[in-house]
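Report on the following structure.
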Amino acid sequence: MNRDEVIKDLAGKWIEKADKDLLSAKRELSFSDPVTETVCFHSQQAAEKYLKSFLVCHQIYFTKTHKIVDLLELCSTIEPSFKEELEDADSLTDYAVEVRYPDAVPEPEIEDAKKAIEIAEKVKSFVSARLKF
C-alpha cells in the first residue's frame, strides 16, 4: 500500500467509526423513552470523528481532544469555511465528557438530542463534500 492509500484507508476508518456513532444516536432516539445523554454523546463523537477524518486526509496532526472548536480551527487551516459553516458544532463539545457525569450539566431534553443529531449530520455532509476521495 502506498502512502496515499494508507491515508485514505485511515480516513475511511474514522468515517466508519463516525457513521456507527451517528447510527447509534439515531437508533437510541427512535425509542419511546430515549436516553438523551447517549444520543448527544454519540452525536458529539460522530461529529468529532468526521472532522478527524478530514484532518487525517489532509495529513494534519491533531492531539487527542474532544473539543470541536479545536478541530474546526485545524480544519480551517485547509478550508477557512469550516469555522463559519460549522460553528454550531462546538455546542456538542460538552456531550463528550461532561454529560456522562452526574450534576456536571443538566440532562439533555429530547429537543437537545434531535438538535445534536442534526448538527452531526451537518458535519458529516460538510466533510463528505470536501474529502479528497
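The values are calculated or read from the model by the stated rules, or taken from the named source; none is laboratory data. Not measured: the values here are computed from a predicted model. Positions of Cβ are generated from backbone atoms using ideal geometry, with glycine treated the same way; all protein chains shown enter the neighbour counts.
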Practice item. Run down 18, 47 and say which single residue is among the aliphatic types (A, V, I, L, M) and either at positive phi or in contact with a Lys or Arg (Cβ under 6 Å, 6 or more places away or on another chain) (or both). Key: 18
Revision key, fill the gap. Checked against (1) free of Cβ contacts under 8 Å to residues at least 40 places away in the same chain; (2) surrounded by 11 or more Cβ atoms within 10 Å (Cβ to Cβ), residue 124 satisfies every condition except (1)
**Study point:** Qualifying residue in the range 55-69 (condition: among the β-branched types (Val, Ile, Thr) and surrounded by 16 or more Cβ atoms within 10 Å (Cβ to Cβ))
**Key:** yes
Practice item. Could you tell me whether residue 32 is more than 16 Å from residue 124 (Cβ to Cβ), surrounded by fewer than 20 Cβ atoms within 10 Å (Cβ to Cβ), at pLDDT 95 or above and among the small types (Gly, Ala, Ser)? Key: yes
